[in-house]
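Read the structure below first, then the notes.
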Amino acid sequence: MTHTKQKKQLTRMQGFLMDDLKKLEYHTNELIENIYVSGQKENFKHDVEEIERFFSYWNNHIKNINK
């Protein structure tokens with residue numbers, strides 16, 4: 001595979017990854033909202049914080065990829 005083809009394939013894969021992360025973040029936020037609505041916020045506080053750190057980390061990297 002040529003360097004140009006590899007670069008195009010990598011760019012395409014990055015696009016899929018970014019789309020998948022956006023979908024995952026959306027659905028995860030829906031679940032978190034349901035946790036809050038059900039009054040179980042304190043039971044899942046640590047889990048929600050870890051999830052928020054995960055998305056924050058990857059959103060920062062996505063911004064750098066797009067530059």
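The values are calculated or read from the model by the stated rules, or taken from the named source; none is laboratory data. Being a predicted model, the structure only gives us computed values, none of them experimental. Quick reminder, even Gly has a Cβ in these numbers, built from the backbone with ideal geometry, and neighbours come from all protein chains shown.
Structural remarks
- Test: Thr11 is surrounded by fewer than 10 Cβ atoms within 10 Å (Cβ to Cβ), assigned to a helix (DSSP H, G or I) and at pLDDT below 95: no
Every residue, every condition in (1) exposed (fewer than 13 other Cβ atoms within 10 Å of the Cβ); (2) in contact with a helix residue (DSSP H, G or I) (Cβ under 7 Å, 6 or more places away or on another chain); (3) modelled with pLDDT under 85, yes or no:
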| residue | (1), (2), (3) |
| --- | --- |
| Thr2 | yes, no, no |
| Gln6 | yes, no, no |
| Met18 | no, yes, no |
| Tyr26 | yes, no, no |
| Glu33 | yes, no, no |
| Glu42 | yes, no, no |
| Asp47 | yes, no, no |
| Trp58 | no, yes, no |
| Lys63 | yes, no, yes |
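- Pair list, Cβ < 6 Å and 6+ apart or interchain, from the stretch 49-64 residues that are touching a residue at least 12 places away in the same chain (Cβ under 8 Å) to residues that are among the aliphatic types (A, V, I, L, M): Trp58/Leu21; Ile62/Met18
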